[in-house]
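Each remark here refers to the structure printed beneath this line.
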Amino acid sequence: MDLGIAGRRAAVAAASKGLGYAVAQALVGEGVQVAVCGRHAETIEAAASRLGDTVVPLVADVSTPEGAQGFVLDARAALGGVDILVANAGGPPPGNFSSVTVDQYLDAFELNCHSTIAMCYEAVPEMRDRKWGRVVAITSIAVRQPIPTLILSNTARAGLTGFLKTLAREVASDGVTVNSLLPGLHATERVSALHADPGAAAAGIPAGTIGDPADFGQVAAFLCSEHARYVTGTATPVDGGMDAALI
């Protein structure tokens, strides 16, 4: 199916590996002009080379609002504009109420909430002016079903979800959609770091397997498509049925 976004311009954050890379790969496959970022020049340049000759590698640390805003600015300069924003960042360290400190919540907020807000403030006004835009944020299934060992992520990403839902309602009439994807367990370095035996973790997933990042990327690409123009304000699990909530 042609997603109708060939020639559009996308800024995909934290895309040197993992789910960010998979989303960039899916968008490239749809003919989208893509700029990707990572913290280290060598790593992001290698990723861009694998993605294709037209992909623009940018060095940016999106763990801070300044770095996140700077990424969108650089992507706009490189591509001539940003029609699609894929907001993404790494996760904060694991821990529970007893093991983390009060100050660590501020760091988690900067990484998984404030940075995406900064990207939106830089990208969305231009989208509204053009009457077309797509924002897709990669958050976590913890937004719907908190994970006991990830209290920092649970807290920061829940706050971001509130922002995204509010933004979606405000800009919908301007042709801009705002959605988030809630990954469960996928075959990424982050999951390997959190789970000593990812295969054993798959036992708790109804689908019976860890997710393929490439499949996740295709879901994100659909949300960026013309066909998804009436889909906004959603927080969609991509988790093999792991989330047990009714709504």
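The values are calculated or read from the model by the stated rules, or taken from the named source; none is laboratory data. Since the structure is predicted, the reported quantities are computational estimates derived from the model, not experimental observations. Every residue, glycine among them, receives a Cβ derived from its backbone with ideal geometry; neighbour counts consider all protein chains shown.
Which of the residues that make up the stretch 142-155 are touching a Gly at 6+ places or on another chain (Cβ under 9 Å), in a helix (DSSP H, G or I) and either of a type outside the set (Val, Ile, Thr) or surrounded by fewer than 22 Cβ atoms within 10 Å (Cβ to Cβ) (or both)?
If the condition is that a residue be touching a Gly at 6+ places or on another chain (Cβ under 9 Å), in a helix (DSSP H, G or I) and either of a type outside the set (Val, Ile, Thr) or surrounded by fewer than 22 Cβ atoms within 10 Å (Cβ to Cβ) (or both), then Leu152, Ser153 are the ones that fit.
For the stretch 218-247, what are the residues that are over 17 Å from Asp2 (Cβ atoms), in contact with a helix residue (DSSP H, G or I) (Cβ under 7 Å, 6 or more places away or on another chain) and small (Gly, Ala, Ser)? Spell out how you get there, then give the answer.
Taking the stretch 218-247 as the starting set, the residues that turn out to be over 17 Å from Asp2 (Cβ atoms) are 230-247.
Next, from what is left, pick out any that are in contact with a helix residue (DSSP H, G or I) (Cβ under 7 Å, 6 or more places away or on another chain): 231-233, 235, 237-239, 242-243.
Residues satisfying the conditions are Gly233, Ala235.
Selection of the stretch 157-203 for residues being in a loop (DSSP other than H, G, I, E, B) and modelled with pLDDT under 95 yields Gly184, Leu185, Ala187, Thr188, His195, Ala196, Asp197.
Among residues of the stretch 137-154 that are free of Cβ contacts under 8 Å to residues at least 24 places away in the same chain, those with a beta-carbon under 7 Å from a residue that is part of a loop (DSSP other than H, G, I, E, B) and among the hydrophobic types (A, V, I, L, M, F, W, C) at least six positions away or on a different chain give the pairs Asn154/Ile147.
Of the residues that make up the stretch 90-108, is at least one among the charged types (D, E, K, R), touching a residue at least 12 places away in the same chain (Cβ under 8 Å) and in a loop (DSSP other than H, G, I, E, B)? Among the residues of the stretch 90-108, not one is among the charged types (D, E, K, R), touching a residue at least 12 places away in the same chain (Cβ under 8 Å) and in a loop (DSSP other than H, G, I, E, B), which makes the answer no. Only a single criterion out of (1) of a type outside the set (Ser, Thr, Tyr); (2) assigned to a helix (DSSP H, G or I); (3) more than 22 Å from Gly18 (Cα to Cα); (4) in contact with a strand residue (DSSP E or B) (Cβ under 7 Å, 6 or more places away or on another chain) is not satisfied by Met119, namely (3).
If you check Ala118 against the conditions, is it farther than 12 Å from Leu152 by Cα and free of Cβ contacts under 8 Å to residues at least 60 places away in the same chain? In short, yes. I'm trying to understand the selection: among the residues of the stretch 1-46, which are free of Cβ contacts under 8 Å to residues at least 60 places away in the same chain, out of contact with any Gly (no Cβ under 8 Å at 6 or more places or on another chain) and not hydrophobic (A, V, I, L, M, F, W, C)? Those that are free of Cβ contacts under 8 Å to residues at least 60 places away in the same chain, out of contact with any Gly (no Cβ under 8 Å at 6 or more places or on another chain) and not hydrophobic (A, V, I, L, M, F, W, C): Asp2, Gly38, Arg39, His40, Glu42, Thr43, Glu45. Screening Val62 on (1) under 17 Å from Pro213 (Cα atoms); (2) buried (at least 21 other Cβ atoms within 10 Å of the Cβ) shows it passes everything except condition (1).
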